[in-house]
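The next block holds one structure in the form of structure tokens; read it before the comments.
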Amino acid sequence: RNYGQEKKYLHAELGWNSRLDSIQAIVLSEKLKLLDEWNQKRRIVANWYYDYLKDSEFSLFFDNSDNEPVHHLFVISCNERCVVEEKLKMACIPSGLHYPYAIHQHKCFADEPFAKDKSFPNAERQADELISLPMHPHLKKIDVEKICTILSSIE
């Protein structure tokens, strides 16, 4: 029921997400009325991040002009992720490691032809380097500025 995870981020078998009950569905249907507004606010927050980090040593993932992103996450890539994570933690700023393992490294794909005895260096590198910064529609510019100031002190 939880993506086949045996523990967080480790998938022992193929699975799906089916954790929605009736009460959650009612709440979600109300929240959907705010979705467009929240997505627009997330785009604004993402633009603040882009502005503050554009000249940094961090790798940013820019939007494709053919798409309208919603910025569920704001992910950067860095060589010293554990240093970044610790600096943010010391400042009481949460961060996330949403994809710490490449797909082919999960047990549930061990017998798949694409994963057998193969190396995917780009996916493995990203699993080691990606970190998600705080992202939600209620972030203020001053919050993003503080986060980026801490990040710039790491470089």
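For the reader, a short list of remarks on this structure follows.
- Accessible surface, per residue, of region 1-125 when the full set of protein chains is kept, probe 1.4 Å, Å²: 74
- Surface share of carbon and sulfur [accessible, 1.4 angstrom probe, percent] for the chain: 53
- Within region 5-47, chymotrypsin sites (Phe, Trp or Tyr not before Pro) in DSSP loop having at most 16 other beta-carbon neighbours inside 10 Å: TYR9, TRP16
- Region 1-128: relative contact order in percent, alpha carbon pairs under 8 Å with at least 6 residues between: 24
- Dividing the helix sum by the residues of the chain, where each DSSP H run of 4 or more adds -39500 (n - 2.57), gives a mean residue ellipticity at 222 nm of -12500 deg cm²/dmol.
- Among SER132, ALA115, CYS78 the positive-end extreme of the charge dipole of the chain (Cβ point charges): SER132
- Qualifying GluC sites (Glu not before Pro) in region 1-68, DSSP loop, other Cβ atoms within 10 Å at most 14: GLU13, GLU57
- Taking a straight Cα-Cα cut-off under 30 Å and skipping sequence neighbours fewer than 8 places away in the same chain, the lysines within cross-link reach of LYS146 are LYS8, LYS31, LYS41, LYS54, LYS87, LYS89.
- Relative contact order (%) - criterion: Cα under 8 Å, at least six apart; region: region 1-55: 21
- As a calculated quantity, the FRET efficiency between THR149 and ASN79 at R0 = 25 Å, using C-beta atoms, amounts to about 0.80.
- For region 11-89, the equivalent ellipsoid built from the Cα gyration tensor has semi-axes of 29, 21, 13 Å, listed from largest to smallest.
- Charged-residue dipole, Cβ positions (Lys, Arg, Asp, Glu), region 66-107 about Cα centre, Debye nearest 20: 260
- Rg over Rh, two decimals, the chain (C-alpha only, Kirkwood Rh): 1.00
- Pairs of Cα atoms farther than 14 Å apart, region 66-118, %: 68
- Summary: within the chain, the longest segment free of trypsin sites (Lys or Arg not before Pro) located in DSSP loops with at most 15 other C-beta atoms within 10 Å is 55-115.
The values are calculated or read from the model by the stated rules, or taken from the named source; none is laboratory data. Just so you know, these numbers come straight off a predicted model, no measurement behind them. Here Cβ is always computed from backbone atoms with ideal geometry, including for glycine, and neighbour counts include all displayed protein chains. Ligands, DNA and RNA are excluded from the accessible area calculation, which covers all protein heavy atoms including side chains. Shrake-Rupley method; radii C 1.70, N 1.55, O 1.52, S 1.80 Å.
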